[in-house]
Amino acid sequence: MRNTLDLPAGLPVPQDDGACDHLLGTWVPEVWLASTDCSPVNLSRMGGRTVVYCYPRTGQPDQAIPPGWDAIPGARGCTPQSCEFRDHFRALTDAGASHLFGLSTQDTEYQLEVVKRLELPYPLLSDWELNFVRALKLPTFRFNSMTLIKRLTLIIDDGCITKVFYPVFPPDKSAEQTLKWLMQNRPAS
């Protein structure tokens with residue numbers, strides 16, 4: 001039996017289209033985001049180093065992957081990516097991450113199921129109204145009448161974006177890539 005967290009071979013690789021080139025050095029906007037820990041989060045007000053991995057959408061275990069999803073470069077792999085951040089949580093915080101969040105345009109109720117099912121030790125943030133996405137001009141794509149964020153990871157130091165990983169592929173290696181960067185770029189004491 002195939003592990004549902006394994007990504008299928010032959011997924012299309014996303015190309016860097018320059019859609020995140022403007023982000024490095026940008027101050028995070030004053031936007032409040034709903035969180036699965038029931039406390040709204042404003043990333044511009046987070047002290048220390050914050051890691052935010054943005055992903056399109058997590059699926060549900062009782063539903064098939066929608067037709068055409070695997071053909072979208074970088075779309076597949078949100079659950080494996082979240083599990084990798086879960087599994088690397090301690091190492092990421094030991095390497096200097098004060099805060100870790102996942103962020104998507106799915107609503108908080110949907111995300112609460114994901115946090116519980118995957119036993120995530122960090123909250124997921126919902127930008128279902130696209131306020132954060134629009135303020136930072138994050139790259140998105142449309143699928144089945146949904147606007148979804150293209151996969152990327154932001155490192156934010158005291159409200160300023162200091163590193164952007166984009167595109168992120170394969171998604172199940174995103175946490176390792178982030179950890180490696182954190183270990184080589186410790187925040188100033």
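Only DSSP H runs of four or more residues enter the estimate; each adds -39500 (n - 2.57), and after division by the residues of the chain the mean residue ellipticity at 222 nm equals -6500 deg cm²/dmol.
Each part reduced to its alpha carbon centroid, the stretch 49-87 and the stretch 115-189 end up 12 Å apart.
Per residue, the chain exposes 49 Å² of accessible surface when a 1.4 Å probe is rolled over the protein heavy atoms with every protein chain present. Relative contact order for the chain: 33 percent, from Cα pairs under 8 Å spaced at least 6 residues apart, divided by residue count. Under the shape rule built on the C-alpha gyration tensor, where the axes satisfy a ≥ b ≥ c, the chain is rounded, since a/c falls short of 1.5.
Our estimate of slack between residue 22 and residue 160, defined as 0.36 nm per intervening residue step minus the Cα-Cα distance, is 48.4 nm. Among rounded, prolate and oblate, which fits the stretch 52-121 when a ≥ b ≥ c are the square roots of the eigenvalues of its C-alpha gyration tensor, a/c under 1.5 means rounded, and a/b larger than b/c means prolate? Prolate shape, in that a/c is at least 1.5 and a/b is the bigger ratio. Ignoring aspartates and glutamates fewer than eight residues from residue 180 along the same chain, the ones with Cα atoms less than 13 angstrom from its Cα are 94. For the chain, the share of accessible area belonging to carbon and sulfur comes to 52 percent (1.4 Å probe, ligands and nucleic acids excluded). When 143, 169 are compared by accessible area of protein heavy atoms, the largest-first order is 169, 143, using a 1.4 Å probe.
Charge tally around residue 121: other residues with Cβ under 15 Å, Lys/Arg +1 each, Asp/Glu -1 each, net -1. Under 22 Å of direct C-alpha separation, and excluding same-chain neighbours fewer than eight residues apart, residue 137 reaches these lysines: 150, 163. Projecting the Cα atoms of 38, 10, 92 onto the dipole axis of the stretch 1-103, where Lys and Arg carry +1 and Asp and Glu carry -1 at the beta carbon, places 38 farthest toward the positive end.
The magnitude of the dipole of the chain, with charges of +1 and -1 set on the Cβ of Lys/Arg and Asp/Glu and taken from the Cα centre, is near 240 debye.
This model, with +1 at the C-beta of Lys and Arg and -1 at the C-beta of Asp and Glu, gives the stretch 116-189 a dipole about its Cα centre of some 220 debye. Once the Cβ-Cβ distance of residue 188 and residue 83 is raised to the sixth power relative to R0 = 35 Å, the FRET efficiency obtained is 0.65. Label positions at residue 60 and residue 112, each projected 7 Å from the Cα along the C-beta direction, are separated by 1.4 nm. A full extension of the chain between residue 71 and residue 142 corresponds to an added length of 24.2 nm, given 0.36 nm per residue minus the alpha carbon distance. In the stretch 119-189, one over the average inverse separation of all distinct C-alpha pairs is 14.1 Å, which is the Kirkwood hydrodynamic radius. Taking the average, over residues, of other Cβ atoms within 10 Å as the packing measure, peptides 63-76, 80-93 rank 80-93, 63-76 from highest down. A Gaussian network model of the chain, with springs between Cα atoms under 10 Å, assigns the largest mean-square fluctuation among 17, 107, 158 to 17.
The values are calculated or read from the model by the stated rules, or taken from the named source; none is laboratory data. Only a predicted model underlies this, so the values are computations on that prediction, with no experimental measurement involved. All Cβ positions, glycine included, derive from the backbone under ideal geometry; neighbour counts span all protein chains shown. What goes into the accessible areas is simple: the full protein's heavy atoms, side chains included, and nothing from ligands, DNA or RNA. Shrake-Rupley method; radii C 1.70, N 1.55, O 1.52, S 1.80 Å.
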